[in-house]
2 protein chains.
Amino acid sequence: MGFAEAVHAKAVALCRHVVRMTAAAESGHPSSGCSLAHITTVLMYHTMRYDLANPWNPRSDRLVLSEGHAVPIIYAAYADLGGVFGTDPAHARKLTVEDLGSLREIDSLLDGHPNPAIGFPFFDAATGSLGQGISVAAGLGLAARLDGLDKTIYVLCGDGESREGQIWEALDFLADRKLTNVRVVFNANGMGQSDYVSPQQSAETLAKKAKAYGLHAITVDGHDPEALRKALAARPPKGKPIVVIARTVKGWGVKELQQVGYHGKPLSAKEVEAALAELVLPAGDPDFTLCPPMPKGEVPAAPRGVIAMPDPDLARLAEGTKFVAAAQKGKLATRVAFGLTLRALGRASDRVVALDADVSNSTFSELFGKEFPDRFVECRIAEQNMASVAAGLAAAGKVPFANSFAKFLVRAYDQIEMAANSCANVKFVGSHSGVSLGADGPSQMGVVDTAFFGSLASVRTPKGHPGAVVLNPCDAVSTYKLTCLMANYDGLAYLRTLRPDTPVLYRPDEVFHLIGQKVLVPGGDLTIVAWGYLVHEARKALEALRAEGLACGLVDAYSLPLADDFPDAIGLREGGRLLVVEDNYAGGLGGAVAAAAAARGARAACLTPERMPKSGKTADDILKFVGLDAGAIARRAKAVLG
Amino acid sequence: MGFAEAVHAKAVALCRHVVRMTAAAESGHPSSGCSLAHITTVLMYHTMRYDLANPWNPRSDRLVLSEGHAVPIIYAAYADLGGVFGTDPAHARKLTVEDLGSLREIDSLLDGHPNPAIGFPFFDAATGSLGQGISVAAGLGLAARLDGLDKTIYVLCGDGESREGQIWEALDFLADRKLTNVRVVFNANGMGQSDYVSPQQSAETLAKKAKAYGLHAITVDGHDPEALRKALAARPPKGKPIVVIARTVKGWGVKELQQVGYHGKPLSAKEVEAALAELVLPAGDPDFTLCPPMPKGEVPAAPRGVIAMPDPDLARLAEGTKFVAAAQKGKLATRVAFGLTLRALGRASDRVVALDADVSNSTFSELFGKEFPDRFVECRIAEQNMASVAAGLAAAGKVPFANSFAKFLVRAYDQIEMAANSCANVKFVGSHSGVSLGADGPSQMGVVDTAFFGSLASVRTPKGHPGAVVLNPCDAVSTYKLTCLMANYDGLAYLRTLRPDTPVLYRPDEVFHLIGQKVLVPGGDLTIVAWGYLVHEARKALEALRAEGLACGLVDAYSLPLADDFPDAIGLREGGRLLVVEDNYAGGLGGAVAAAAAARGARAACLTPERMPKSGKTADDILKFVGLDAGAIARRAKAVLG
């Protein structure tokens, strides 16, 4: 059997699986899967070099399925090839064709969309929310370049999916970085979910756009094995990444599946019979012709190990920068402390990489970027792409810190949630958090961030970690310590930093845990619980209250989730009284502390901005405007105390 | 003085204001403003037809400043022209040049970035988070077309900003809809914040991209008045929207401001002197040459009025659809009930418009779309653009319902937050909310949505409304009632709908308030507070508990923020006990209820998914997997009761 005949036969066999497994699951997207029949076959049985016995082999080519709903055909091919899966090498076994029958079941690893976190390591990232795959592939490609690994990252995208702006952020990024080890394939089947795709997403327009983006576009018949073989293995001209636009038929091989509006619908038992009658397996055995080649070279050891860091000496940390004097004086913005720590982490480990979205001179990731330009990824003004590139870098063993204003990271919350679903080891750092930046106004203030990341923090990942760890330090020392801890934590973490300078509160040898809190002032009739900038405002309030003879305690609750022993650690008793103050909108610390208090029968009041912020020249102006200045905190404390 | 000389003189005068006002504010972006000097002058003094005395005149051309940080030059022109501002016509006055000195002050309406909500109605949307302006302009343009108004929407974008994917979603949208009443101007000054822009964002590449997107690109010298006059007023060829690419100089007129990395920095007092010496006002008075023309025609009345709706008769509501039988049986998915209600609202008012992102056959906005194709806006797979288009439609008096899966709306949270900052009258509807959809897995489940919208719900807008109202109905009747209430509410609201069918619990004449709750089962030693799908699961738990002799109450807490009288309405006493159950991650209902309980000294326990969901064939499978099935609720209730 020749190559084309073998591919065709295998494509038919895979479609038969797809039709049957989605029918058995009573849900899924058989029409999308079938449109990828020949592309999947050429890629997974011929073009990709990968290690079926060891999906963690870093030399293997990788596949990112951006149009995640088409995943059954990938499962079918992987099972047919006997690829290994599992959560780690010690708990791995071969996927079998029989396993395909468990698609979408609660105790199956074959999820409805790619979900590597539950144990399908052929994939590097959870997909299913569209438009993210090219960015993930770019991160994997960047990591391969950093590690000197000769491999290719293939990514399959839908045509309708290409309407997502992130796709074009990612293509700009591929062009900027000449990432020729990423090969994008658009599956141009001409149909979306509810209708045909727009002419703006036709194969012709896609080719024109790709060319305008400085990429090399190759348009092929996506069911022609020879054309696919050539296009998928074509050599990129002059540093131009290749985009393959494959014209395909949605529901290839099965008439019933080729109707508009048949997206995401499995066939009935009767329709399956008719479909299998259409999908006739040619005589002969394709298996001798088709077998994926192994990657060359020995398997490198996975990069591991603790990044050891000493106690901070802020003045030494700042050496060579304009911040030495501020560090000596003990008044330093936490964004500066973060930038200095990131630079120090970069010196300690070459696994640390940093990304920014054109604000590195505000987030101070530039301190890292100037010293380690090869490990600094300027993503320009495109936060979505940045977040998914970071997820790709993490999947390849890097420790990426992705930086922007806390407000601008909101742009990437969908990508960040998908990174959390992937158990990605990514660190997001949002500067200018809360309202204290003042003058620029609400469009630059991170005020919903703790609610979003806090919600992720409430759930355990398949690895048993929180979906996210939120860190909101109030001073330079705690910023240093928590940044070092998050670098060594294998999971998604979010650090908030502040624009204004804040005084240093902690000694350099203070011991921090990633998830924890510090009792700054014990005892009192009321305990004020604060984080970030409001720790300082609360200290002022405490002084004012003390002057009136009222003794209050103060806790710096710098993390979410709260530690399991939070109530005991802060000495919370039944009938005790708490006042939680934070300069983000509700949904971060307050809800979590209130829940802890309400579980114990204690009283808690929560103070968050009472109205939307606006511009104000100083932090004090705006804190007063939203009802969070020291005076407002003291007044509320007195009200709580009756 | 000829036109070009007059424009030039005015441009110099505006730059002088920009330099002085940002210096006085001690922050701001003078270099960006100065790059727009001639573009602003030609637009605001010559090309735009608008009503300086009545910024609410719907016949006026509009300006969207996508690169919001450049706003001082717009303020300067508006003040120089004596434009009127204020929160409404009764509280309006002329802006003066003296007002410019208050830029960014806490009691000024001249915010650091465009902020119409605080009273600057020359703008339709808050900007400052980049990449959103073209989409807003598209919404304004669509509304003008629907209303038969002959006006043009101008939008100013940065070149670096064009890296944001949303820009290209918006340009696809303009091309698809042939929105020739939108005129995009790219301010190609070649510099971003931290560096020069990438070659991917150069004027040449921008022109190539725009052409590939099917638009008509005109490249001009952005400091050449005649070239700008021609380009800004050029007639679109063959239904092709025009994109003007204006090559400009960042910091035009002031050498100090032309350095890389000078983004977002005001000049010192000394530098201001030097700058003013460079910005020499030519002799002669440009004011007789330059005066914006008024729009033609009478001012139409603003569209107002209540959309009156009867009590629901589900079977009649479903007439002409396949859902009649289900409606008669009283078991209907809330997403279907929503779609049927939306169709009914469309019949009641032509202000109602609907948007979807290629999932209208899942959200059931297609029920509206089929009957009102002119008022149905298919946005394809581009949620960010959809959200901002909706904000634009709202600013023009429409009542837009923007639909997608709750999960996919996460993609647009930045745009939605900016819509909230704009006090936009937009309704977002997220279907497939929570975990009950089961089979598709976590990439399709809306689980962080209540935390995000709930955080917006915690803050008051300048209009005195909550930043968002969250609605999570459990049955078809409450979905109908709440959808009608949100249509009549002038503010941002978010409705969650469910994939599975749920039984009808409420009578058609049940009275609902937009913000409220329903006590379904009063009394008991413990009150279970639930919303959405978990109301039904809680009912099952109540039955099981009753069988064991334990009497519990049940509250359907369908909205956030909680009503002010929530604790009293549900009969919460000091020492009382609550159990909150919800199938979203923490941060929605639980935090708010816990805060209410902790304020009163009651006890509350919160149950949310204990681990990340995965695929499971049925809602029951997945609820059990995450610890939220009736059995888990009953067990927790017993534990709380001790």
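Just a few scattered comments:
- Mean-position separation - Cα centroids, region B:391-440 and region B:290-368, in angstrom: 15
- Shape index of region B:334-412: Rg/Rh, with Rg the Cα radius of gyration and Rh the Kirkwood radius from the inverse mean 1/r over Cα pairs, equals 0.93.
- Between copies, the label points at B:GLY320 (set 7 angstrom from Cα along Cα-to-Cβ) are spaced 7.2 nm, reported in nanometres from shortest to longest.
- For chain A, the alpha-carbon radius of gyration amounts to 1.05 times the rule-of-thumb value 2.2 N^0.38 Å expected for a compact globular protein.
- With Cα atoms defining each centre, region A:1-64 and region B:218-234 are spaced 53 Å apart in the structure.
- Reduced Cα scattering model of region B:272-335, Debye log10 I(q)/I(0), q = 0.16, 0.21 Å⁻¹: -0.83, -0.95
- Cα convex hull, region B:500-575: 106 Å³ per residue, rounded to a whole number.
- For region A:283-424, fraction of C-alpha pairs farther apart than 17 Å, in %: 67
- Where GluC sites (Glu not before Pro) fall in DSSP loop in region A:288-385, at most 16 other Cβ within 10 Å: A:GLU298, A:GLU319
- Shielding score for A:414-421, defined as the mean number of other chain Cβ atoms within 10 Å: 5
- Student exercise, region A:186-250 dipole from Lys, Arg, Asp, Glu Cβ charges, in Debye to nearest 20: 380
- Between copies, the label points at B:ASP568 (set 7 angstrom from Cα along Cα-to-Cβ) are spaced 4.1 nm, reported in nanometres from shortest to longest.
- Shape of region A:143-189, Cα gyration tensor, a/c cut at 1.5: oblate
- Dimensionless Rg/Rh of the protein assembly as shown - Kirkwood Rh, Rg from C-alpha atoms: 0.95
- Relative contact order of region A:92-157: 17 percent, from C-alpha pairs under 8 Å at least 6 residues apart in sequence.
- Size of region A:60-167 as Cα extents on the principal axes (Å, biggest first): 37, 34, 21
- Sorting A:LYS178, A:LYS230, A:LYS209 on solvent-accessible area from highest to lowest, probe radius 1.4 Å, gives A:LYS230, A:LYS178, A:LYS209.
- Relative intensity, log₁₀ I(q)/I(0), of region B:582-642 from a Debye sum that treats every alpha carbon as a point, q = 0.13, 0.14, 0.20, 0.26 Å⁻¹: -0.39, -0.45, -0.81, -1.10
- Simple rule: put +1 on each Lys or Arg Cβ and -1 on each Asp or Glu Cβ in the protein assembly as shown, find the dipole, and look at A:HIS38, B:CYS423, B:LEU607; the Cα lying farthest toward the positive end is A:HIS38.
- Between copies, the label points at A:VAL280 (set 7 angstrom from Cα along Cα-to-Cβ) are spaced 8.8 nm, reported in nanometres from shortest to longest.
- Cβ-based charge dipole, the protein assembly as shown, positive-most Cα from A:PRO310, A:GLN200, B:VAL97: A:GLN200
- For the residues B:ASP51, A:ASP564, A:ASP621, a 1.4 Å probe over the protein chains yields an accessible-area ranking, largest first, of A:ASP564, A:ASP621, B:ASP51.
- Taking the Cα centre of the protein assembly as shown as reference, the dipole from Cβ charges on Lys and Arg (+1) and Asp and Glu (-1) amounts to some 500 debye.
- Normalised per residue, the volume of the convex hull around the Cα set of region A:218-317 (Å³): 343
- Cα centroid of region A:144-199 to Cα centroid of region A:614-642, whole Å: 48
- Helix content alone sets the calculated 222 nm mean residue ellipticity of chain B: runs of n ≥ 4 DSSP H residues at -39500 (n - 2.57) each, divided across all residues, give -10500 deg cm²/dmol.
- Spread of Cα-to-Cα distances over 10 Å intervals beginning at zero, given as percent, for region B:138-227: 15, 47, 30, 7, 0
- For region B:529-601, trypsin sites (Lys or Arg not before Pro) meeting the loop criterion (DSSP other than H, G, I, E, B) and having at most 12 other Cβ atoms within 10 Å: B:ARG573.
- In the protein assembly as shown, the DSSP beta bridges split such that about 20 percent are antiparallel, to the nearest 5.
- Going by accessible surface with a 1.4 Å probe and the largest first, A:SER349, B:SER268 read B:SER268, A:SER349.
- With all pairs of separate Cα atoms included, region A:1-145 yields a Kirkwood hydrodynamic radius of 15.3 Å.
- Spin-label pair B:LYS94/B:LYS540, simplified geometry with 7 Å Cα→Cβ offset, distance in nm: 7.0
- Region B:353-501 - charge dipole about Cα centre, Lys and Arg +1 at Cβ, Asp and Glu -1, debye rounded to 20: 340
- Expressed per residue, the C-alpha convex hull volume of region B:387-484 stands at 98 Å³.
- For the cross-link pairs B:LYS178/B:LYS296; B:LYS209/B:LYS250; A:LYS94/B:LYS624; B:LYS151/B:LYS230; A:LYS407/A:LYS427, the ones whose C-alpha atoms lie over 21 Å apart are B:LYS178/B:LYS296; B:LYS209/B:LYS250; A:LYS94/B:LYS624.
- Principal axes of region B:507-642: Cα extent on each, largest first, Å: 40, 33, 30
- Residue among B:TRP168, B:LEU560, B:SER365 farthest towards the positive dipole end of chain B, charges placed on Cβ: B:SER365
- Antiparallel content of DSSP bridges confined to chain A, in %, to 5: 20
- Cα-based reach from B:LYS211 at 17 Å (exclusive), listing aspartates and glutamates while leaving out same-chain residues under 8 positions away: A:ASP172, A:GLU204, B:ASP159, B:GLU169, B:ASP172, B:ASP176
- Of the beta bridges in region A:127-242, as assigned by DSSP with both residues counted there, near 10 percent are antiparallel.
The values are calculated or read from the model by the stated rules, or taken from the named source; none is laboratory data. Fair warning: this is a prediction, and the values are worked out from it, not measured in the lab. Please note: Cβ atoms are built from the backbone with ideal geometry, for glycine as well, and neighbour counts cover all protein chains shown. Accessible surface is based on the protein model in full, side chains and every heavy atom, while ligands, DNA and RNA are left aside. Shrake-Rupley method; radii C 1.70, N 1.55, O 1.52, S 1.80 Å.
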